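The values are calculated or read from the model by the stated rules, or taken from the named source; none is laboratory data. Here the structure is a predicted model, which is why all the values come from computation and not from measurement. Cβ placement follows ideal geometry from the backbone for every residue including glycine, while neighbour counts extend to all protein chains displayed.
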Amino acid sequence: MNEARPRGFDWHGRRHGKKLRPGLQALVDTLLPKLRIDDGRQINAIFQANTKDVWLEIGFGGGEHLAEQAARNPDIGFIGCEPYINGVARLLSFVDRDGLENVRIVDDDARPLLDQLPDASLGRAYLLFADPWPKARHNKRRFMNPENLDRLSRVMKDGAELVFASDHPGHVEWALEVALKHPDFHWTARQPNDWRIPPVDWVQTRYEKKALSNGIKSSYLLFERQPRTAINP
């Protein structure tokens with residue numbers, strides 16, 4: 001999917017970091033082609049027949065959250081999207097080490113994949129500690145925006161969960177404002193601890209750990225995809 005980027009999808013961010021160690025480069029060369037999703041329309045044929053649901057992580061960073069969730073939930077198919085090849089290589093190392101067979105990767109922007117996936121095909125989506133783009137002139141680069149919520153709304157099942165987390169207060173306020181204005185998503189919080197304390201099945205990311213080590217608290221927003229309106233024949 002990364003070889004022919006559709007028109008209209010501008011990417012802001014790094015694609016490469018430090019040169020990969022030989023072992024990680026070997027995984028990128030040999031394992032990534034086996035796990036890469038080239039056509040999201042074929043999602044039902046990508047995972048094993050006993051897969052009961054498919055979850056998506058948008059911008060998986062170093063892959064520690066996705067890998068641990070995949071290990072805990074072998075009957076769930078996991079798709080991770082991440083353009084930063086060093087993060088992709090790190091996830092591949094977890095997949096190889098733990099023998100994870102329920103992980104697939106898009107080493108590119110998530111938007112083209114979302115435009116390909118079938119309607120109501122995802123049971124959960126994660127957007128965790130994404131770049132907050134703190135400068136006002138860059139706010140429009142944030143993934144959490146009305147257009148991308150439209151994309152997620154189409155591909156998420158009724159009742160599916162959208163999990164957002166960030167250690168940047170401005171980004172949290174932005175995400176909450178955008179999601180509350182969208183008719184297809186409902187914020188499930190009933191009390192302050194619902195966004196101050198992570199979900200019960202939470203897996204810390206390295207970005208979250210770094211924030212905590214600096215005394216910075218994170219917020220955890222859980223949104224539910226509202227049921228689609230029934231259409232009478």
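Here is how the numbers come out for the structure above:
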{"item": "Hits in the stretch 24-38 (condition: loosely packed, with under 12 Cβ neighbours inside 10 Å and not polar (S, T, N, Q))", "result": "D29, P33, K34"}
{"item": "Residue count, the stretch 179-196 (criterion: closer than 24 Å to D119 by Cβ, assigned to a helix (DSSP H, G or I), more than 17 Å from the chain's Cα centre (by Cα) and touching a residue at least 24 places away in the same chain (Cβ under 8 Å))", "result": "1"}
{"item": "Close pairs (8 angstrom Cβ cut-off, 6 or more residues apart or separate chains): more than 18 Å from G170 (Cα to Cα) in the stretch 197-218, assigned to a helix (DSSP H, G or I) and polar (S, T, N, Q) anywhere", "result": "D201/Q69; V203/Q69"}
{"item": "Count of the stretch 73-92 residues which are in a loop (DSSP other than H, G, I, E, B) and not acidic (D, E)", "result": "4"}
{"item": "Selection count, the stretch 116-149, where residues are assigned to a helix (DSSP H, G or I), surrounded by fewer than 19 Cβ atoms within 10 Å (Cβ to Cβ) and without any contact (Cβ under 8 Å) to a residue 40 or more places away in the chain", "result": "7"}
{"item": "Lone qualifier among V95, V28 - being in contact with a strand residue (DSSP E or B) (Cβ under 6 Å, 6 or more places away or on another chain), part of a helix (DSSP H, G or I) and modelled with pLDDT of 95 or more", "result": "V95"}
{"item": "Number of positions in the stretch 31-45 that are within 23 Å of G62 (Cα to Cα) and outside any loop (DSSP other than H, G, I, E, B)", "result": "6"}
{"item": "When residues of the stretch 186-218 are limited to those that are of a type in the set (D, E, K, R) and closer than 16 Å to H65 by Cα, the one surrounded by the most Cβ atoms within 10 Å (Cβ to Cβ)", "result": "E208"}
{"item": "Condition met for G62 (in contact with a Phe, Trp or Tyr (Cβ under 9 Å, 6 or more places away or on another chain), assigned to a strand (DSSP E or B) and not hydrophobic (A, V, I, L, M, F, W, C))", "result": "no"}
{"item": "Of residues in the stretch 102-124 being of a type in the set (G, A, S) and within 14 Å of the chain's Cα centre (by Cα), the one nearest to I37 (Cα to Cα)", "result": "A110"}
{"item": "Hits in the stretch 21-42 - residues which are of a type in the set (S, T, N, Q) and closer than 18 Å to Y84 by Cβ", "result": "Q25"}
{"item": "Boolean, A70 is assigned to a helix (DSSP H, G or I) and either under 28 Å from P227 (Cα atoms) or in contact with a helix residue (DSSP H, G or I) (Cβ under 8 Å, 6 or more places away or on another chain) (or both)", "result": "yes"}
{"item": "Criterion: under 16 Å from the mean Cα position of the chain (by Cα), crowded, with 16+ Cβ neighbours inside 10 Å and under 24 Å from K140 (Cβ atoms) - qualifying residue of L221, L176", "result": "L221"}
{"item": "A160 being in contact with a strand residue (DSSP E or B) (Cβ under 9 Å, 6 or more places away or on another chain), surrounded by fewer than 17 Cβ atoms within 10 Å (Cβ to Cβ), modelled with pLDDT of 95 or more and among the aliphatic types (A, V, I, L, M)", "result": "no"}
{"item": "Residue list for the stretch 47-60, filter: within 18 Å of the chain's Cα centre (by Cα) and surrounded by fewer than 21 Cβ atoms within 10 Å (Cβ to Cβ)", "result": "F47, D53, G59"}
{"item": "When residues of the stretch 61-79 are limited to those that are of a type in the set (A, V, I, L, M, F, W, C) and farther than 17 Å from A160 by Cα, the one farthest from the chain's Cα centre (by Cα)", "result": "A71"}
